[in-house]
1. Of the residues that make up the stretch 304-317, is at least one closer than 13 Å to residue 270 by Cα, at pLDDT 95 or above and either surrounded by 13 or more Cβ atoms within 10 Å (Cβ to Cβ) or of a type in the set (Gly, Ala, Ser) (or both)?
2. Can you tell me which residues in the stretch 209-232 are among the hydrophobic types (A, V, I, L, M, F, W, C), surrounded by fewer than 16 Cβ atoms within 10 Å (Cβ to Cβ) and either part of a loop (DSSP other than H, G, I, E, B) or at positive phi (or both)?
3. Which condition number does residue 97 fail, the rest of (1) free of Cβ contacts under 8 Å to residues at least 24 places away in the same chain; (2) part of a loop (DSSP other than H, G, I, E, B) being met?
4. Just checking, how many residues over the stretch 17-51 are over 22 Å from the mean Cα position of the chain (by Cα) and more than 13 Å from residue 66 (Cα to Cα)?
5. Which of the residues that make up the stretch 8-29 are open to solvent by less than 30 Å² (accessible area, probe 1.4 Å), modelled with pLDDT of 95 or more and touching a helix residue (DSSP H, G or I) at 6+ places or on another chain (Cβ under 8 Å)?
6. Enumerate the helices (runs of 4 or more DSSP H) found wholly within the stretch 244-358, keeping only those where 1 or more residues are without any contact (Cβ under 8 Å) to a residue 12 or more places away in the chain and over 19 Å from the mean Cα position of the chain (by Cα).
7. Which one of these is crowded, with 19+ Cβ neighbours inside 10 Å, of a type in the set (A, V, I, L, M) and in contact with a Lys or Arg (Cβ under 6 Å, 6 or more places away or on another chain): 254, 157, 173, 192?
8. Examine the stretch 174-182 for a residue that is touching a residue at least 40 places away in the same chain (Cβ under 8 Å) and part of a helix (DSSP H, G or I), and state whether such a residue exists.
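The values are calculated or read from the model by the stated rules, or taken from the named source; none is laboratory data. Quick caveat: nothing in here was measured; it's all calculated off a predicted structure. For neighbour counting, all protein chains shown are included, and Cβ atoms are generated from backbone atoms with ideal geometry for every residue, glycine included. Just the protein is used for accessible areas: all its heavy atoms, side chains included, with ligands, DNA and RNA removed. Shrake-Rupley method; radii C 1.70, N 1.55, O 1.52, S 1.80 Å.
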Amino acid sequence: MEAGRVAQAAKLEPFQHSAALSLGVELELQLVNTHDYDLAPYSDEMLRLMAGHKLPGAVVPEMTSSMIEISTGVCQSTAQVQEELSAIRDALVKCADKLNIAVVGGGTHPYQQWHERRIYDKPRFRELSALYGYLSKQFTIFGQHVHVGCPDADSALLMLHRMSRYIPHFIALSASSPFVQGQDTQFDSARLNSVFAFPMSGRAPFTLRWEEFERFFAKTTRTGVVRSMKDFYWDIRPKPEYGTIEIRVFDTPLTVRRAAALAAFVQCLAAWFLHDQPFVPEEDDYMVYTYNRFQACRFGLEAVYVEPSTGQHVPLRDHILATLDRLAVHARPLGATKQLQSLAEDVENATNDACWLRDRHARERLLAEVVRQAAQRFRRE
């Protein structure tokens, strides 16, 4: 009987149809009190108040009760992404004001203590807490996930492995987690260090055919280690129920505007891959994957990038700018030119959200004031 349940759970659902280059964006957000701006366990109250608003997307709980996740519907453009996220943000801010709390972006809360967190009362979260112990509370970190539609299952795997070359770019552009438990970690994205601790994190297996991926999934689930795609915490994973791939390495930005710009970067990369077929990914690409990923987490836009195909070492900033320039022709028909230009300006100025947080801390010398200013920025940008 137990074996039957495992076998049933192991079946990978078919890859659904989706419009190529369609987008969906999820943001995990912080709920903080307005006394000392520490995390506050108000997700239940926020969800009840948000239920009274007609929203374009969804609002759901996350692992701990000081977190909340918002998501768009299926969007065709980054303008639509920004419009939907802004509408949900505005409703969130109104509800938070009624509770005398605030909503904040950023990949980590700068000084929350993980042992004070409460696991949200939901069966899956309780199950994960029982399995992972203290790691579940340490997973009070905040990311942006971007789904991009793919024409078919094989195209999804090809796009996934092409996107993997640009993981450092995504990390450096979105980095917003320099502070952990009151300390400057010297990482631009310390958030991803918490993800590393989970056994099913890292990269997806190198398969370019959906049949091969189905065989991998069957072998893995046969062991009982995983039961569904949700159990994989990969940097990028296929989402067959949506017909997408999901990129998961972004820190939650401090603003909705930045979140839309990052989604624009993903959409334009996907358009380049589909229209130009610029390169065929190889297993050897992953020889430098972990190094590039570390460099981007540690140094952000000042990282070194090792080109997978040549082994050449270049400043990541230069590679991002060259990539954005290459994508300009695809950005125009997608209406994403302004978003890519805004990213390019930040790269040229060597600034990201981690820099903004450090700059505010250098001025204020008080992390609570940094969080307060970040909350004000989130509500207006």
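1. Applying the first criterion (closer than 13 Å to residue 270 by Cα) to the stretch 304-317 yields none.
No: zero hits.
2. 225 - this is the single residue of the stretch 209-232 that is among the hydrophobic types (A, V, I, L, M, F, W, C), surrounded by fewer than 16 Cβ atoms within 10 Å (Cβ to Cβ) and either part of a loop (DSSP other than H, G, I, E, B) or at positive phi (or both).
3. (2)
4. So the count comes out to 8.
5. Hits for the stretch 8-29 are 21, 23, 25, 27, 29.
6. Details: elements: 256-276, 289-299, 316-334, 337-348.
By residue number, 256-276, 316-334, 337-348.
7. On the way: 157 fails: in contact with a Lys or Arg (Cβ under 6 Å, 6 or more places away or on another chain); 173 fails: in contact with a Lys or Arg (Cβ under 6 Å, 6 or more places away or on another chain); 192 fails: in contact with a Lys or Arg (Cβ under 6 Å, 6 or more places away or on another chain).
From the options 254, 157, 173, 192, the qualifying one is 254.
8. yes
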